1. Hey, can you grab everything whose amide H is under 5 Å from the amide H of HIS102? Only 5+ residues off in sequence or another chain; H modelled, so Pro and N-termini drop out.
2. Would you kindly state how much longer the chain becomes between GLN136 and ASP186 on full extension, computed as 0.36 nm times their sequence separation minus their alpha carbon distance, in nm to one decimal?
3. Calculate the FRET efficiency for ASN98 and LYS154 from the Cβ-Cβ distance with a Förster distance of 51 Å, rounded to the nearest 0.05.
4. Sticking with the crude label model, points 7 Å out along Cα→Cβ, report the distance from PHE52 to ASN83 in nm, one decimal please.
5. What share of all Cα pairs of the stretch 79-147, in percent, falls into each consecutive 5 Å distance bin?
6. Straight-line reach from LYS57: which lysines have Cα under 30 Å away, leaving out those fewer than 8 places along the same chain?
7. Using C-alpha positions alone, give me the convex hull volume of the stretch 111-213 per residue in cubic angstrom.
8. Tell me which lysines have Cα within less than 29 Å of LYS203's Cα, excluding those fewer than 8 residues away on the same chain?
Amino acid sequence: MNFFNNQAPRAGKTIIQALLAATLSIGSVAHAGVLDFEGKPQTFDGKPQSAFVTSNKPIAIGDYWMEAYGGELEGDLVGAFVNGSEPETCMTGNCPVNNASHYYTGLDNGYFYFGRNDNTSFRLDGLNASFVGAGQESFPDMAGMLVLQGFDAKGEELGPMVRLGLAGPNDGQFSFEHFNLGKLNDYYSFVLVFGLECDDTGKCFRGGMANFAIDDISTIPEPGSLALFGLGLAGLGLAGRRRRVR
């Protein structure tokens, strides 16, 4: 099942931003970290990012960058940052209930890429995720699926596509579940994250209700990975290749 065609994360000025960040960290080694969405997101021109995420707008959050896609046009709403302690910030009204921190939701078939600001390679160690309802009358036991695909510095798919089943609601409420990804051995330059919705037969597909919530994506750096080395490869690869999910 192939969800990809040629379209890419991180265009022109985003790569320039990465150049600047890596230049400042020459000779430094990346550290383990967590993309927990608790920092104050910013656009790459230094402006505060609103809670609403639109297509093809690079965002910096803590030690990571992310760039979301989806919709028909650039600027379409494709995601949102949710404050779990304020349920009214959930746009669909059917977000997971067991997380009082900030997290990210992919909406209206939205998906995103993420990587480290210093451009060092990393492997995935774990994450928390949930399906997000969008007004459906009922849900199967496996309401959806979260899919992750890693890429190398040249923009080529690296390793297998990871599929994580997202449970249906319990007593009408969704909950975050922790997924341990420590068995994954590949070191990525960036990772694509998108959702599928599933039917009663167990078939999962991309549709307008394939919403998901994600939080606490933990990453472990490649041993001895230097920012300048990662930057050089990324500058050669990402500038010429773009990928997009249908």
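The numbers here are math on the coordinates, done by the rules we state, and not lab data. Given the structure is predicted, the values throughout are model-derived calculations rather than measurements. All Cβ positions, glycine included, derive from the backbone under ideal geometry; neighbour counts span all protein chains shown.
1. Those qualifying (amide H under 5 Å, at least 5 residues apart or on another chain) are GLY84.
2. On the way: separation 50, 0.36 × 50 = 18.00 nm, distance 3.67 nm.
Full extension of this stretch gives 14.3 nm more.
3. On the way: r = 39 Å, r/R0 = 0.77.
So, using R0 = 51 Å, E works out to roughly 0.85.
4. Calculated label separation equals 1.8 nm.
5. 3, 12, 24, 21, 20, 11, 6, 2, 1
6. LYS57 reaches LYS13, LYS40, LYS47, LYS154.
7. Details: hull volume 11.0 nm³, N = 103.
In the stretch 111-213, the Cα convex hull volume per residue is 107 Å³.
8. Result set, ordered by chain and number: LYS183.
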